[in-house]
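Right, one structure below, let's go through it.
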Amino acid sequence: GQQLNQSPQSMFIQEGEDVSMNCTSSSIFNTWLWYKQDPGEGPVLLIALYKAGELTSNGRLTAQFGITRKDSFLNISASIPSDVGIYFCAGLAGGTSYGKLTFGQGTILTVHP
Amino acid sequence: GAGVSQSPSNKVTEKGKDVELRCDPISGHTALYWYRQRLGQGLEFLIYFQGNSAPDKSGLPSDRFSAERTGESVSTLTIQRTQQEDSAVYLCASSLQGSRRDTQYFGPGTRLTVL
């Protein structure tokens, strides 16, 4: 089946630093999504991308849909302690009209004050 | 609250027993999804319901897994003859219409432990 390769698996950073994580796929996706999951809760959508090359920001978060449609990245600027959590990329394959999402394995982010 | 709710929040069962997990979607949402999340992993799609259409069961790992939905409301995921590898968090999500631009809102999940 389709797989998303997400990296890095974990990150330990100081408060105020910028963070970057990415996802790659062997097949084309027509939608890329980035979610954050806190312990004991379900994922919450951060950013959605629908067009190749699209660059979208949400506060300190910026994400891009790769031109090849096989990759996406998420940047977090000026990290704060509440950014701690697990970040997941998710994609929707081409030809699929509804939300049967494929998820990456997650990036665990730890922010030291 | 107005979010997706799931019950129970935790379920411990013995190998071979059947379990039922419940999901209450957001009112008015016609699409409902079930995912499985193993420890330290991303979410795996299990099944999708949209209105009165036949559900997409392509993600169900075996015939021990089944799910039903009553109209556009409650859904139940049933796992028969549970195995230890079924231990995971089972997450339910709902969205307004199920189109690719709809946001999926997730519940908190049910943590299933099979002894």
Margin query: Run through the range A:55-87 and list the trypsin sites (Lys or Arg not before Pro) located in a DSSP loop whose Cβ has at most 14 other Cβ atoms within 10 Å.
Written below: A:Arg60
Item checked: Relative contact order %, the range B:1-58, counting alpha carbon pairs below 8 Å whose residues are six or more apart -> 24 percent
Check: Could you name the lysines in cross-link range of B:Lys17, using Cα to Cα under 26 Å and dropping any fewer than eight places away on the same chain?
Finding: B:Lys57
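Can you compute the charge dipole magnitude of the range A:1-74 about its Cα centre, using +1 on each Lys and Arg Cβ and -1 on each Asp and Glu Cβ, nothing else charged? Give it in debye, rounded to the nearest 20.
Details: 5 positive and 7 negative charges, 74 e Å.
For the range A:1-74, the charge dipole is close to 360 debye.
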Checklist line | Shielding by other protein chains, A:100-108, mean Cβ within 10 Å | finding: 5
Item checked: Peptides B:46-59, A:7-20 ordered by average Cβ neighbours within 10 Å, highest first -> B:46-59, A:7-20
Next item on the list: Just check the range A:32-113 against the gyration tensor rule for me: Cα atoms, a ≥ b ≥ c as the square roots of the eigenvalues, rounded for a/c under 1.5, and otherwise prolate or oblate depending on whether a/b exceeds b/c.
Entry: oblate
Margin query: Taking each pair of distinct Cα atoms in the protein assembly as shown once, what is the resulting Kirkwood hydrodynamic radius in Å?
Written below: 18.0 Å
Margin query: I'd like the Karplus ³J(HN,Hα) series for the range A:107-112: coefficients 6.51, -1.76, 1.60, θ = phi - 60°, whole numbers in Hz, and an x wherever there's a Gly or Pro.
Written below: 10, 8, 10, 10, 10, 8
Note to self: Let me confirm one metric for peptide B:91-98, namely the mean number of other chain beta-carbon atoms within 10 Å of its residues' beta-carbons.
What the structure shows: 2
Next item on the list: Work out from phi, with θ = phi - 60° and the Karplus expression 6.51 cos²θ - 1.76 cosθ + 1.60, the ³J(HN,Hα) of each residue of the range A:26-34, listed in order in whole Hz, and give x for Gly and Pro.
Entry: 8, 10, 7, 10, 9, 8, 10, 10, 10
Check: Which FRET efficiency, nearest 0.05, do B:Arg100 and B:Glu14 yield, Cβ-Cβ r, R0 45 Å?
Finding: 0.65
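Multiply the residue gap between A:Thr110 and A:Gln14 by 0.36 nm, knock off their C-alpha separation, and tell me the result in nm, one decimal place.
Details: separation 96, 0.36 × 96 = 34.56 nm, distance 0.85 nm.
That pair, A:Thr110 and A:Gln14, stretches by 33.7 nm at full extension.
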Check: What is the average number of partner chain Cβ atoms found within 10 Å of a Cβ in A:31-41?
Finding: 2
Note to self: Just to confirm a number: summing +1 for Lys and Arg and -1 for Asp and Glu over residues other than A:Phe65 whose beta-carbon lies under 15 angstrom from that of A:Phe65, what do you get?
What the structure shows: +3
Item checked: ³J(HN,Hα), Karplus 6.51/-1.76/1.60, whole Hz, each residue of the range B:59-67, x for Gly, Pro -> x, 5, x, 7, 6, 6, 9, 8, 8
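Computed from the coordinates by the stated procedures, all read-outs in this text should not be read as laboratory data. Note that the structure is a prediction, hence the values are computed from the model and not measured. Positions of Cβ are generated from backbone atoms using ideal geometry, with glycine treated the same way; all protein chains shown enter the neighbour counts.
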